[in-house]
Amino acid sequence: MSAPHSPAGPEACDVREALDLVTDKWSLYIVSNLSAGPRRFNELRRAVNGITQRMLTLSLRNLERDGIVARTVHEVMPPRVSYRLTPLGAGLLEAAAPLIAWSAGHVSDITAARARYDVG
């Protein structure tokens, strides 16, 4: 398997920024939790184990800014806000699905390796 092409010059910075989105601690976790459809903020907060309200807010704003997530304000009382994947976000999820599946399938292997290492 050959390595993917790594751009040089100004393109390298743009690619690095796109990769930062994928390697962010929470982004893929949030994106994968939106795969089943729109969710309200508190639904996401409960689903994304370990994330603080502030970090979820910041992450959703960044994902919205990057075109991965769309925010919809529902004009009801009290106002409701929901988040859903955009077509770009669905494409990201499709591209990341093998990585997410690998991670889910190897959690116990990683936990065991860490335990062996820590015993040292």
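The values are calculated or read from the model by the stated rules, or taken from the named source; none is laboratory data. This structure is a prediction, so every number in the text was calculated from the model and none was measured. So basically every Cβ, Gly included, is an ideal-geometry build from the backbone, and we count neighbours across all protein chains shown.
If you go through segment 98-120, how many residues are loosely packed, with under 10 Cβ neighbours inside 10 Å and among the small types (Gly, Ala, Ser)?
Residues that pass the stated criteria total 5.
Within the bounds of segment 36-50, is there any residue that is over 9 Å from the mean Cα position of the chain (by Cα), at pLDDT 95 or above, surrounded by 15 or more Cβ atoms within 10 Å (Cβ to Cβ) and in a strand (DSSP E or B)?
Taking every residue of segment 36-50 in turn, at least one turns out to be over 9 Å from the mean Cα position of the chain (by Cα), at pLDDT 95 or above, surrounded by 15 or more Cβ atoms within 10 Å (Cβ to Cβ) and in a strand (DSSP E or B).
Report, ordered by the first and then the second residue, all pairs with beta carbons closer than 8 Å, sequence separation of six or more or different chains, a first member in segment 106-120 that is at pLDDT 95 or above, and a second member that is loosely packed, with under 10 Cβ neighbours inside 10 Å.
Listed pairs, sorted by first residue: none to list.
Any chance segment 26-34 includes a residue that's farther than 16 Å from VAL69 by Cα, modelled with pLDDT of 80 or more and either surrounded by fewer than 14 Cβ atoms within 10 Å (Cβ to Cβ) or out of contact with any Ser or Thr (no Cβ under 7 Å at 6 or more places or on another chain) (or both)? Lay out the reasoning, then the answer.
Taking segment 26-34 as the starting set, the residues that turn out to be farther than 16 Å from VAL69 by Cα are none.
The answer is no, given that none of the residues of segment 26-34 is farther than 16 Å from VAL69 by Cα, modelled with pLDDT of 80 or more and either surrounded by fewer than 14 Cβ atoms within 10 Å (Cβ to Cβ) or out of contact with any Ser or Thr (no Cβ under 7 Å at 6 or more places or on another chain) (or both).
For GLY9, are the conditions met, namely being at positive phi and modelled with pLDDT under 90?
Yes; evaluated as a whole, the condition is true for this residue.
Just a yes or no: is a residue in segment 64-84 in a helix (DSSP H, G or I) and either of a type in the set (S, T, N, Q) or surrounded by 13 or more Cβ atoms within 10 Å (Cβ to Cβ) (or both)?
yes
Suppose the filter is outside any helix (DSSP H, G or I) and not polar (S, T, N, Q); does GLY89 pass it?
Criteria not met by GLY89.
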